[in-house]
Amino acid sequence: MQELSATQTALLKLLSKALFETEVNILCSDWKALYREANVHKVFPLVFSVSKAYVADEVLLQKAEKLARHSLATTVSLNYAHAELHRLMQKENIPYVTFKGLASSLYYPQPELRNAGDVDFYVHPADFAHCEAVLQREGFTCSEHEGKHAAYQKDGIVLELHRSLNGIPENALGEQMKQDVFGDLIENAETVDIGQGKVNIPDTFHHGMILLLHTLSHMTTEGIGLRHLCDWAVFESSLTNEEFLALFEKRLKEYGLWRFAQLLSLCVNRYLQAPIRAWHGEVDSVLLEKMVCDLFAAGNFGLKDTSRRQQIKFIVDRGDKTVRNVSASQQIRQVLKKKAEIEKKSKTAIIIEYINNVIKGKRRIDTRKTLETAAERKALYSEFHLYEPEE
């Protein structure tokens, strides 16, 4: 595991300023590199909002402002998509709840600054086929159909219709978790007005569970970005010590996720200056540094290190797997799409660049390094004691 660079340290300070209005001393010698790092971790709008006063390069500022506006436009567009989904589900009399992205943004000081991705929602299993038929009738095309969700696209908007979540193991404990998370998820949903319209979101308990499961699933597979860390920081800090204990302690200990929740909260306290709570437990500075360095090495969904997808098979216990059961070709298409979005290039340009790098010998899979990194990551994640119930 590498140590944090000066650029990464400055980036974390800016995020803490954006989220918790902390007084920070920013020292950055390469703002272009910092903005690039922020973008690959899907936190650029947040960082740009508090960094403008420190940047002297007017040309860079103009380019950054253009990117920030583009991110805001995407967020507004997705908010409208959420509101349209609500109207459609109401019209068709399909009970539903949307979760992850939009629900997470509502905990931010400025929700519009959370970088948006797609629309995730859940309907009762009995309504799944009806919902798919409605989406198809409305002109959405199915682009992915696997065990835990189906993805539908239209006009650049992606709707992910979920049956379940990654992060829930496929065993008896997982069945209990699935029932606790999804059994009354819709019945306890709250309707909020987001400006563009109304939308159903999870209550506090269900949002916290989904957020935690989503984070651990991606961290232990392709990797998470700083956006995931920020989502947990603003959510967890919105609750008092007593409120968090009352909602989560018993169930998270039963699931074997209490230690992971503690470590994640200690991490956001140490690196984002989120409030410390008594339930967080003792600080392990070495382990927290390993966690944040692993996060930086990955980038959002492994965008900084494509070998992390090869590492998954050396990390995950297939008996209790939580990773998606998708084909290699599906994974390639997903990575290609995300890389094209981040680098603002066409998919064709990305493929041509990849081929050229292979021809020039710049693109080779270092099997030894892949195995070494996978071993380091597996050792790190073993310290989370995931799915090991506590008394």
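What to note about this one:
- Conditions (1) crowded, with 18+ Cβ neighbours inside 10 Å; (2) in a loop (DSSP other than H, G, I, E, B); number of the one not met by Ala151: (2)
- Hey, Tyr152 within 25 Å of Val181 (Cα to Cα) and at pLDDT 95 or above or not: no
Table: residues versus (1) buried (at least 21 other Cβ atoms within 10 Å of the Cβ); (2) in a helix (DSSP H, G or I).
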site: Leu4; (1), (2): no, no
site: Leu19; (1), (2): yes, yes
site: Asn25; (1), (2): no, no
site: Ser29; (1), (2): no, no
site: Lys32; (1), (2): no, yes
site: Glu37; (1), (2): yes, yes
site: Pro45; (1), (2): yes, yes
site: Phe48; (1), (2): yes, yes
site: Gln62; (1), (2): no, yes
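- Verdict on Ile186 being of a type in the set (Val, Ile, Thr), out of contact with any Leu (no Cβ under 9 Å at 6 or more places or on another chain) and surrounded by 14 or more Cβ atoms within 10 Å (Cβ to Cβ): yes
- The set of residues from region 219-248 being small (Gly, Ala, Ser) and either touching a residue at least 24 places away in the same chain (Cβ under 8 Å) or outside any helix (DSSP H, G or I) (or both) comprises Gly223, Gly225, Ala233, Ser237, Ser238.
- Search result, residues across region 168-214 that are modelled with pLDDT of 95 or more and among the polar types (S, T, N, Q): Asn188, Thr191, Asn200, Thr204
- Test for Glu144: is it touching a helix residue (DSSP H, G or I) at 6+ places or on another chain (Cβ under 8 Å) and among the acidic types (Asp, Glu): yes
- Evaluation of Leu185 against the conditions (1) in a strand (DSSP E or B); (2) of a type outside the set (Val, Ile, Thr); (3) closer than 15 Å to Tyr96 by Cβ shows that the sole unmet condition is (1).
- Test: residue in region 168-175 that is within 18 Å of the chain's Cα centre (by Cα) and under 20 Å from Pro389 (Cβ atoms): yes
The values are calculated or read from the model by the stated rules, or taken from the named source; none is laboratory data. It should be emphasised that the depicted structure is a prediction, and the values quoted were computed from it without experimental measurement. Cβ atoms come from the backbone with ideal geometry, glycine included; neighbour counts cover every protein chain shown.
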